[in-house]
Amino acid sequence: MNSTPAPPRTEPSSVSLERYLRAVHYLAGAQIYLRDNVLLRKPLRAEHVKDRLLGHWGTCPGINLVYAHLNRVILRDDLDAMLITGPGHGAPANLANLYLEGSLREFYPELTHDTVGVEKFVREFSWPGGFPSHLYPGIPGTIHEGGELGYALATAFGAAFDNPDLLVACIVGDGEAETGPTAAAWHGTKFLDPMESGAVLPILHVNGYKISNPTISGSMSDDELHALFTGYGWQPRFVKGNDLSASMAVGMDWVLGEIRGIQRAARSGEPIAQPRWPMLVLRSPKGWTGIQELDGKPVEGSFRAHQVPVGDVKKNAEHLRLVEDWLRSYRPEELFDEHGAPKADILACCPRAQRRMGCNPHAFGGRLRRPLHRPPLAECAIEIRGKKRGEPEEGPINILAKYLAKVVVQNPSNFRIFSPDELMSNKLGGVFEAPTQRNYQWPIEGDDRAEHVGPRGGRVLEICRSSF
């Protein structure tokens, strides 16, 4: 891992940020289409286009916008932050950002910042032996594979538990938001102790369409979405309008202030009862900045932008020209120098070393793993010598519960029990012989109406049939 010291804290200018966004938009689109002439130094011809076109363009610009503004606040505030991306088939966007920040080069040294490296990088997407169209463990910074929708937000909460200085941003696609596991995971704040754990920042990406039909979130008004997430216990703020980057900057600064306020109160001994954690709702057109129209039908802002916006570019000269005009609209000649390297002001928008989201240590569990202290099994053995057959009568789960209680005691800050059902109904109530309880952050009416439940120090989390 690159150990180069981080530069002094700075915040990229709006001009550099705009150029950075053009660069990652361009690289995302180029990955989907190009196998050669990847910086368009020559007129685009059919032989420059990949034979098989894969990838989901529609979500990429929104992912790029979130990534860029997370980088901005990481640089400014020296944040320890990572990103979990629910729309996993938006991998061209993640890869574009990881290429610019140099995280890919840490693991794939051939992906250099020059003509050879950028050509190989663009060609490797959806290419034999290269990167697939979705996130997978071979992409640095990835702890959630994007092929199956629904589990990004629960994964984000899992990453934040017991990591008090970590910010886990999570992009939830509006298609993914329709899944049952995501619906359960919105309740994660009711289990997140701001004193001992980090923060989860959900960004619901509402671009309105799935592969061929509207999304539920995209069909809801701002008032309806605000009511929904306020009911879940969140503070939602909308990022929308003609200047999405400026709106995202304001929104990102707001959520960080709200998170710090909640954490500061808890860690100073005056926790906020039932804190409402902030979240963002990003409304951006599907395929934002992409092709506007194809054969008289809208592309940007419609379901047609969801995957590959134009599919027959090798055989249709007019469609090839349309793709070329689109990619040239990002003006790649302004973003990459004569050697194929990204311009210096663009690279200055990227954090360094372990502050890069692709190199955050929390995305590489083996590097932070702490050994679990386990009591000897003999401490929970059942004595049978001298007894009659069938004596004593003990249930194996009861004995397991006593053993887990000892594990809790010996690992007070790095062992939790996540239960998709009630411990008591599964004969694991003996866990509460340890000085622990069910972690639940919201107030409970009456001290005698529930047992082993409270906001401090609980290592058991129960939420019925959830993805936790």
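Listing for the model above:
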{"quantity": "Under 19 Å from the THR10 label point (7 Å along Cα→beta-carbon), backbone N, the stretch 322-341", "calculated": "335-337, 341"}
{"quantity": "Dipole of the stretch 14-366 [Lys/Arg +1, Asp/Glu -1 at C-beta], most positive-end residue of GLY231, TRP57, VAL310", "calculated": "VAL310"}
{"quantity": "Dipole magnitude of the chain, debye to nearest 20 (Cβ charges: Lys/Arg +1, Asp/Glu -1, about Cα centre)", "calculated": "800"}
{"quantity": "Between the stretch 204-266 and the stretch 352-379, the Cα center-to-center distance that results, in Å", "calculated": "31"}
{"quantity": "Centroid-to-centroid separation of the stretch 267-340 and the stretch 14-47 [C-alpha atoms, Å]", "calculated": "12"}
{"quantity": "Rg ratio (alpha-carbon, reference 2.2 N^0.38 Å) - the stretch 342-423", "calculated": "2.00"}
{"quantity": "Cα pair distances exceeding 24 angstrom across the stretch 322-468, given as percent", "calculated": "60"}
{"quantity": "Mean Kyte hydropathy of -1.0 or more with a Cα span along the axis of at least 27 Å, helices from DSSP in the chain", "calculated": "14-33, 244-267"}
{"quantity": "Selected from GLY180, LEU40, VAL122, residue furthest toward positive end of dipole (the chain; charges at beta carbon)", "calculated": "VAL122"}
{"quantity": "Residue pairs, from the table LYS42/LYS314; LYS297/LYS343; LYS286/LYS314; LYS42/LYS343; LYS315/LYS343; LYS120/LYS240, whose Cα atoms sit over 28 Å apart", "calculated": "LYS297/LYS343; LYS315/LYS343; LYS120/LYS240"}
{"quantity": "Net charge, MET279 excluded, C-beta distance under 13 Å - Lys, Arg +1, Asp, Glu -1", "calculated": "+1"}
{"quantity": "Net dipole in debye of the stretch 24-128 [+1 Lys, Arg Cβ; -1 Asp, Glu Cβ; about Cα centre; nearest 20]", "calculated": "460"}
{"quantity": "17 Å reach of a label modelled at GLU148, 7 Å along Cα-to-Cβ, counting backbone N of the stretch 69-88", "calculated": "85-88"}
{"quantity": "Spin-label model distance (nm) - ALA344 vs ASP114, 7 Å beyond Cα toward Cβ", "calculated": "1.9"}
{"quantity": "Net charge of neighbours whose Cβ lies under 15 Å from the Cβ of VAL313, counting Lys and Arg as +1 and Asp and Glu as -1", "calculated": "+1"}
{"quantity": "Top positive-direction residue, dipole computed over the chain with Cβ charges, set ILE211, LEU104, ILE382", "calculated": "ILE382"}
{"quantity": "10 Å Cβ shell holding at most 10 others, DSSP loop, trypsin sites (Lys or Arg not before Pro): longest site-free stretch of the chain", "calculated": "53-314"}
{"quantity": "Packing-based exposure ordering (other Cβ within 10 Å, fewest first) of LEU40, LEU377, LEU404", "calculated": "LEU377, LEU40, LEU404"}
{"quantity": "Proportion of all alpha-carbon pairs of the chain beyond 38 Å (%)", "calculated": "30"}
{"quantity": "Spacing of the two label points (7 Å from each Cα toward its C-beta) at GLU333 and ARG456, in nm", "calculated": "6.7"}
{"quantity": "Relative contact order for the stretch 246-331, counting Cα pairs under 8 Å that sit 6 or more residues apart, in percent", "calculated": "17"}
{"quantity": "Relative contact order of the chain, pairs being alpha-carbon contacts under 8 Å that are 6 or more residues apart, as %", "calculated": "19"}
{"quantity": "Ratio Rg/Rh, restricted to the stretch 194-262 and using Cα atoms, in which Rh is the Kirkwood radius", "calculated": "1.01"}
{"quantity": "DSSP bridge orientation in the chain - percent antiparallel, rounded to nearest 5", "calculated": "15"}
{"quantity": "Residues of type lysines that LYS406 reaches as a straight line, Cα spacing below 24 Å, ignoring anything fewer than 8 places off in the same chain", "calculated": "LYS427"}
{"quantity": "Relative contact order (percent, whole number), the stretch 377-462, Cα cutoff 8 Å, 6+ residue spacing", "calculated": "30"}
{"quantity": "Dipole moment magnitude, nearest 20 debye, the stretch 377-462 about Cα centre, only Lys, Arg, Asp, Glu C-beta charged", "calculated": "400"}
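Only the coordinates and a few stated rules stand behind these numbers; no lab work does. Quick caveat, the model's predicted, so the values are computed rather than measured. Don't worry about glycine lacking a Cβ; one is built from the backbone with ideal geometry, like all the others, and counts go over all protein chains shown.
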